[in-house]
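The next block holds one structure in the form of structure tokens; read it before the comments.
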């Protein structure tokens, strides 16, 4: 039992920490945000050069064979920098689906492109009615010879505006919320019948609304079994949750540190406000929330590789609840303890608060995961699943 | 990062689990599981069983009966002991006075006290708090005046847990009233049978008589009972209070309590279903389980880190263990009370044999008393507000 990083992991951490410290100061980030994509193509290329875009992929496809701990290291640093680039969409979500569902030939064709920064991906799954239910898919895929024809609409597709390829879920059989009958399709956004509308999200990142109207997908662009993609989607969602937990810890840490610094420097009533006990105690509670969240992000990273889907699910649900609650607490307190300055767009803490808030709304909020964990019987002792 | 224990550690855990569950009497462990009060005899029996194996004082120097265990072994020992509902070795003996005597006492004191302390042949109590010295402990006023080869002690201690069982009391006393308040304090050992000592019980809100007032009226104590140097007692007290860092989270005990709550909630019914199937109750319980899992992971981080951290520099994460651990223990007592519902009401903890036989299910009798009693865990050993003061200063630099 240890929490140590290996030498390779330590090197990775040093280089990604340095990247964020050098390239992702708050003022630099503002410049990236102002670019046409809403992020920096130069930064993206740097990620590729550092090997970050190929991190979780097998070496045979130009990757580095990293696991969830490597992802945790990168995402925590990205959380500290509030990274804008489509890393989560491309590498964690899109890349995860390729790793788990694509054939050798498909991986050979796509993963090297991803690793080199030439191919950006997006996961088009959420629909107007689906909320956080991964099985709720109304978009349809109808067989047409060897090809498939897609009809429907997808919402809040993270970085769907800039993606070169979309990974679209569609129902090939069954009723709207059936677990069986979901397929996963690679769609070229310039294909006939695809329209997309890109937009900025609350946290400064980007997303797109997508409509699919008679979109033809060839047989070679189906990922895995067209009737049984849900287990893969769930596995990738669990990996995504572990990654988001790590990113959230990075954002929480900055909010905590920034607030602490402010308490030590801001003078009122003739002294630094950090001398007031009421504020001291509140910042201690922020620290407790941060350490509890960090512990659960580590737990999530270790459990993301768990093969038993139920055990993995329990762990991710628990971690996402902890992250959601700690994040809300730390974020709200960070704003409150800063007072007026915390409310402004020109000061950084509010931007972290916004990203943290949006992380809770991705892949299930704290309440939805609490319900899941309760249904599964919790974490300790013996309880039957309900 | 690897959350798996080594084969040796797993074997040790099995050994500990087997020992705790076979050698410590079931009747005693059942009382702990249900939160019933232990008799002195229960505590002494359990401690002597542990001590016979060398497992009562694992944190002591090896020369005096401690174990040279790794932090992981100590963690597993505590976790298994708590999960098996084994009474924690008498804290006053094992985590408080024993290590102080072993570290700062002279050879005669070590010979005289340590073996008997380990085997609970001496039952200790702690004379620290006073009516005017609670969170501000250093303002204590109980006076010890040197007269020849004796100290004459006058004053009062309060919140003295289990003084009614105690053979000896270790006290902080003021030996130099002219010095700065932390610098005039000494650490002294007093035989409870000495003339001039009066113990008066304090009944707490759970109906129990766990704590007492102890009055000292011209109590004559041989000067050789002073531990270490005169006026250095505050240093020894800080050493004592900083001794236990991880066990204080009581993660194992809370795991056992959750398992018990799940059993009880499947016996109780809400409408036409067992309470454990009630989604709202399941969510409340799951919320506490998540906090506990996070605390367990935090504790493991502290344990793993102790292997490499230099002595005397605690991990910042360790300071949150008591804060969070106490909150979780309290939440769980609330849930037990919620499970037993109206049978929390009958007042059954009593020393006059009232309400015998028990009203309602056996397991309901301690629900409310335990809830009331456990309000103490965020107060004793430095209240949670004092803990926050310490963290703010020592870790956050405020």
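Could you grab me the full set of residues in the range A:27-42 that are surrounded by 16 or more Cβ atoms within 10 Å (Cβ to Cβ) and out of contact with any helix residue (DSSP H, G or I) (no Cβ under 6 Å at 6 or more places or on another chain)? Reasoning before the result, please.
Just the residues of the range A:27-42 that are surrounded by 16 or more Cβ atoms within 10 Å (Cβ to Cβ), to begin with: A:29, A:32-33, A:37-40.
Hits for the range A:27-42 are A:29, A:32, A:33, A:37, A:38.
Can we say residue A:122 is at pLDDT 95 or above, in a strand (DSSP E or B) and under 16 Å from the mean Cα position of the chain (by Cα)? Break it down into steps so the answer makes sense when it comes.
On the way: at pLDDT 95 or above: yes; in a strand (DSSP E or B): yes; under 16 Å from the mean Cα position of the chain (by Cα): yes.
The answer is yes for residue A:122.
Looking at A:135, A:180, A:147, A:173, can you tell me which residue is over 20 Å from residue A:213 (Cβ atoms), touching a strand residue (DSSP E or B) at 6+ places or on another chain (Cβ under 8 Å) and surrounded by fewer than 16 Cβ atoms within 10 Å (Cβ to Cβ)?
On the way: A:135 fails: surrounded by fewer than 16 Cβ atoms within 10 Å (Cβ to Cβ); A:147 fails: over 20 Å from residue A:213 (Cβ atoms); A:173 fails: touching a strand residue (DSSP E or B) at 6+ places or on another chain (Cβ under 8 Å).
Just one listed residue meets the conditions, A:180.
Looking for something outside the structural domain of residue A:351 (by TED's automatic domain parsing) and touching a strand residue (DSSP E or B) at 6+ places or on another chain (Cβ under 8 Å) - is there at least one such residue anywhere in the range A:15-37?
At the first step, the residues of the range A:15-37 found to be outside the structural domain of residue A:351 (by TED's automatic domain parsing) are A:15-37.
So of that shortlist, the ones also touching a strand residue (DSSP E or B) at 6+ places or on another chain (Cβ under 8 Å) come out as A:37.
Yes - at least one qualifying residue is present in the range A:15-37.
In the range B:265-290, which residue that is at the interface with chain A (Cβ under 7 Å from one of its Cβ atoms) and closer than 21 Å to residue B:321 by Cα is surrounded by the fewest Cβ atoms within 10 Å (Cβ to Cβ)? Break it down into steps so the answer makes sense when it comes.
Taking the range B:265-290 first, the residues at the interface with chain A (Cβ under 7 Å from one of its Cβ atoms) are B:276-277, B:279, B:282-283, B:285-287, B:289-290.
This time we only want the ones that are closer than 21 Å to residue B:321 by Cα, so: B:285-287, B:289-290.
Details: B:285: 30, B:286: 27, B:287: 20, B:289: 29, B:290: 25.
The residue in question is B:287.
Checking the condition more than 9 Å from chain A (Cβ to nearest Cβ) and in contact with a helix residue (DSSP H, G or I) (Cβ under 7 Å, 6 or more places away or on another chain), which residue from B:301, B:309, B:250 passes?
On the way: B:301 fails: more than 9 Å from chain A (Cβ to nearest Cβ); B:309 fails: in contact with a helix residue (DSSP H, G or I) (Cβ under 7 Å, 6 or more places away or on another chain).
Every option except B:250 fails the conditions.
So in the range A:242-294, with the set limited to residues that are at the interface with chain B (Cβ under 7 Å from one of its Cβ atoms) and in contact (Cβ under 8 Å) with a residue 24 or more places away in the chain, which one is surrounded by the most Cβ atoms within 10 Å (Cβ to Cβ)?
A:292
Would you mind stating whether residue A:68 is buried (at least 16 other Cβ atoms within 10 Å of the Cβ) and in contact (Cβ under 8 Å) with a residue 60 or more places away in the chain? Quick ask: steps written out before the conclusion?
Details: buried (at least 16 other Cβ atoms within 10 Å of the Cβ): yes; in contact (Cβ under 8 Å) with a residue 60 or more places away in the chain: yes.
Yes, satisfied.
Of all residues in the range B:195-212, count the ones that are over 30 Å from residue B:347 (Cα atoms) and surrounded by fewer than 16 Cβ atoms within 10 Å (Cβ to Cβ).
Keep residues of the range B:195-212 that are over 30 Å from residue B:347 (Cα atoms), which gives B:195-197.
Subset that is surrounded by fewer than 16 Cβ atoms within 10 Å (Cβ to Cβ): B:195-196.
Final tally of qualifying residues: 2.
For the range A:146-164, how many residues are more than 18 Å from the chain's Cα centre (by Cα) and either over 21 Å from residue A:220 (Cβ atoms) or at pLDDT 95 or above (or both)? Break it down stepwise before answering.
As a first pass, look at the range A:146-164 and keep what is more than 18 Å from the chain's Cα centre (by Cα): A:146-153, A:164.
So of that shortlist, the ones also either over 21 Å from residue A:220 (Cβ atoms) or at pLDDT 95 or above (or both) come out as A:147-153, A:164.
Count: 8.
Only residues that are part of a helix (DSSP H, G or I), touching a helix residue (DSSP H, G or I) at 6+ places or on another chain (Cβ under 9 Å) and touching a residue at least 60 places away in the same chain (Cβ under 8 Å): list them for the range B:378-398, please.
Quick first cut of the range B:378-398, residues part of a helix (DSSP H, G or I) only: B:378, B:384-394.
Then drop every residue that is not touching a helix residue (DSSP H, G or I) at 6+ places or on another chain (Cβ under 9 Å), which leaves B:378, B:384-385, B:387-394.
Matches in the range B:378-398: B:384, B:385, B:387, B:388, B:390, B:391, B:394.
Only one of (1) closer than 18 Å to residue B:292 by Cα; (2) at the interface with another protein chain (Cβ under 10 Å from one of its Cβ atoms); (3) surrounded by fewer than 22 Cβ atoms within 10 Å (Cβ to Cβ) is not met by residue A:298, so which one is it?
Against the list (1) closer than 18 Å to residue B:292 by Cα; (2) at the interface with another protein chain (Cβ under 10 Å from one of its Cβ atoms); (3) surrounded by fewer than 22 Cβ atoms within 10 Å (Cβ to Cβ), residue A:298 comes up short only on (3).
Across the range A:131-168, what is the number of residues that are closer than 19 Å to residue A:101 by Cα, touching a helix residue (DSSP H, G or I) at 6+ places or on another chain (Cβ under 7 Å) and assigned to a strand (DSSP E or B)?
Count: 2.
Output yes when any residue across the range A:371-385 is surrounded by fewer than 21 Cβ atoms within 10 Å (Cβ to Cβ), within 12 Å of chain B (Cβ to nearest Cβ) and within 20 Å of the chain's Cα centre (by Cα), and no when none is. Quick ask: steps written out before the conclusion?
First, the residues of the range A:371-385 that are surrounded by fewer than 21 Cβ atoms within 10 Å (Cβ to Cβ): A:371-372, A:375-376, A:381-382, A:384-385.
Subset that is within 12 Å of chain B (Cβ to nearest Cβ): A:371-372, A:375-376, A:381-382, A:384-385.
With the extra rule that they be within 20 Å of the chain's Cα centre (by Cα), the set shrinks to A:372.
Among the residues of the range A:371-385, at least one is surrounded by fewer than 21 Cβ atoms within 10 Å (Cβ to Cβ), within 12 Å of chain B (Cβ to nearest Cβ) and within 20 Å of the chain's Cα centre (by Cα), which makes the answer yes.
Run residue A:355 past the list (1) buried (at least 21 other Cβ atoms within 10 Å of the Cβ); (2) more than 9 Å from chain B (Cβ to nearest Cβ); (3) over 20 Å from the mean Cα position of the chain (by Cα) and report the number of the one that doesn't hold.
All conditions pass for residue A:355, except number (3).
Is the range B:238-247 home to any residue that is within 14 Å of chain A (Cβ to nearest Cβ) and in contact (Cβ under 8 Å) with a residue 24 or more places away in the chain?
Checked against the condition, which is being within 14 Å of chain A (Cβ to nearest Cβ) and in contact (Cβ under 8 Å) with a residue 24 or more places away in the chain, the range B:238-247 yields at least one hit.
Which ones in the range A:301-322 are within 20 Å of residue B:299 (Cα to Cα) and more than 10 Å from chain B (Cβ to nearest Cβ)?
Across the range A:301-322, the qualifying residue is only A:316.
For residue B:45, indicate whether it is within 14 Å of chain A (Cβ to nearest Cβ) and either out of contact with any strand residue (DSSP E or B) (no Cβ under 7 Å at 6 or more places or on another chain) or buried (at least 18 other Cβ atoms within 10 Å of the Cβ) (or both). Break it down stepwise before answering.
On the way: within 14 Å of chain A (Cβ to nearest Cβ): no; either out of contact with any strand residue (DSSP E or B) (no Cβ under 7 Å at 6 or more places or on another chain) or buried (at least 18 other Cβ atoms within 10 Å of the Cβ) (or both): yes.
Criteria not met by residue B:45.
In the range B:5-12, is there at least one residue being at pLDDT 95 or above and buried (at least 18 other Cβ atoms within 10 Å of the Cβ)?
Within the range B:5-12, one or more residues are at pLDDT 95 or above and buried (at least 18 other Cβ atoms within 10 Å of the Cβ).
Kindly check whether there is at least one residue in the range B:384-398 that is away from every other protein chain (no Cβ under 14 Å) and either surrounded by fewer than 18 Cβ atoms within 10 Å (Cβ to Cβ) or within 17 Å of residue B:248 (Cβ to Cβ) (or both). So that I can check it myself, show each step before the final result.
Taking the range B:384-398 first, the residues away from every other protein chain (no Cβ under 14 Å) are none.
No - not one qualifying residue is present in the range B:384-398.
Go over the candidates B:262, B:257, B:293 one by one and state the one that is surrounded by 24 or more Cβ atoms within 10 Å (Cβ to Cβ), farther than 22 Å from residue B:2 by Cα and not assigned by TED's automatic domain parsing to the domain that holds residue B:208. So that I can check it myself, show each step before the final result.
Details: B:262 fails: surrounded by 24 or more Cβ atoms within 10 Å (Cβ to Cβ); B:293 fails: farther than 22 Å from residue B:2 by Cα.
When all the criteria are applied, what remains is B:257.
The values are calculated or read from the model by the stated rules, or taken from the named source; none is laboratory data. Since we're looking at a predicted model, the values are computed, not measured. Ideal geometry is used to build each Cβ from the backbone, glycine not excepted, and the neighbour counts take in all protein chains shown.
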